[in-house]
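Okay, structure first, notes after.
The values are calculated or read from the model by the stated rules, or taken from the named source; none is laboratory data. It should be emphasised that the depicted structure is a prediction, and the values quoted were computed from it without experimental measurement. Don't worry about glycine lacking a Cβ; one is built from the backbone with ideal geometry, like all the others, and counts go over all protein chains shown. Heavy atoms of the whole protein, side chains included, go into the accessibility calculation; ligands, DNA and RNA do not. Shrake-Rupley method; radii C 1.70, N 1.55, O 1.52, S 1.80 Å.
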Amino acid sequence: MTAEQPKDLLSPLIDLVFKALFAREEPRSRIILIDLLNSLLGLQGNNKITSITHLNPFNYKEYPGDKSSILDIKVMTHAKERINIEVQVNDVDNFRKRSLYYWARMYSETIAESEAYTTLKKSIVINILDFDIIHETGRYHTQYRILEKDDGFLLLEDLEIHYFELRKFLSQTPPGEMNAVEYWLTFMKNAGKPDGKELLQKLAKEKEELAMAMDMLAEISADERLRQKAYAQEKARLDAISRIKYAELKGMEKGIGKGRIEGRIEGKAELLIKQISKRFGSLPKDLQVLVMNADDAVLDAIGEEIFDLQSPDDILKLLN
């Protein structure tokens, strides 16, 4: 039986809430994370994950709440495999490249300097997205591995990247008949929505781990300190969207993309975009628009820091 819920639950798609749910060093959090991972990865029988070690556990009483806070979840399984899982609600980066970078970084962490390549462990990246990124198919779940081009055989099992696109997930399966993935994606998509309460109560009666997750989400939502941090994070996200939309509007007024950009500042912005793209690949259009509309002082700051930038997110920090 689930605990009485506050009138408005926080959404588990807020990454702070997601990590507070699934990344705490307490039994309930471990139980629901293991079940979530087994469900999303389709693991059954002897292949199931039975235990995990948190590599970046979450303690929200110590959570600083600043932009540098790490809000993805990284674990090591009992088989020594690494898994990185996160939620994202905005496509503000080249997300395909980002996923591959996250995998490469995590994979490299599985070998020590003095060890052989044979010690490298399988690494898995799971992305739960509230936007469309894979336009080549209408399926909500896509999985990527290293396959031979013509015969399609697997080179190694070590690389595995998953995308779960919630906007494509339109399951009409009634509670009680859902598979494991449908239960969790329905929870992720509907928790925190006023019209989702009745459905979630039905789900909780059918799956013990979901009932546990609902109880925890109610507790998290009732914690005023965490709630205010989640609100602040959501406000910052919406403010960033607003700035991008405003920059797009100003860009249209200036004729950006139509060959009418002139002047020293515009030329400097274009040069910076080219140089940054050489480091990180093609920048998202919304980020390019922000750079094109930055003032001269901000462009100078980006130029001074260009060799210290670690990702396009650092550019956003300078623009802000």
Quote the accessible area belonging to Arg145 in square angstrom, nearest 10, computed with a 1.4 Å probe and with ligands, DNA and RNA left uncounted.
-> 90 Å²
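Taking 0.36 nm per intervening residue step and subtracting the Cα-Cα distance, what contour gain separates Leu154 from Glu224 on full extension?
Working: separation 70, 0.36 × 70 = 25.20 nm, distance 4.90 nm.
Once the chain is fully extended between Leu154 and Glu224, it gains 20.3 nm.
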For Asp132, solvent-accessible area (1.4 Å; no DNA, RNA or ligand), Å² = 60 Å²
At a probe size of 1.4 Å, how large is the accessible area of Phe22, to the nearest 10 Å²?
-> 0 Å²
Could you order Asp130, Asp295 by accessible surface area, starting with the largest, using a probe radius of 1.4 Å?
-> Asp295, Asp130
So which GluC sites (Glu not before Pro) in region 135-220 are both in a DSSP loop and have at most 13 other Cβ atoms within 10 Å of their Cβ?
-> Glu136, Glu148, Glu177
Among Tyr107, Tyr117, what's the order by accessible area (1.4 angstrom probe), most exposed first?
-> Tyr117, Tyr107
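Heavy atoms only, 1.4 Å probe, whole protein assembly: order Glu304, Glu234 by accessible area, highest first. Present the calculation step by step, with values, prior to reporting the outcome.
Working: Glu304 140, Glu234 55 Å².
Solvent-accessible surface, decreasing: Glu304, Glu234.
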Which entries of Lys97/Lys149; Lys202/Lys235; Lys193/Lys235 show an alpha-carbon separation above 28 angstrom in the structure shown?
-> Lys202/Lys235
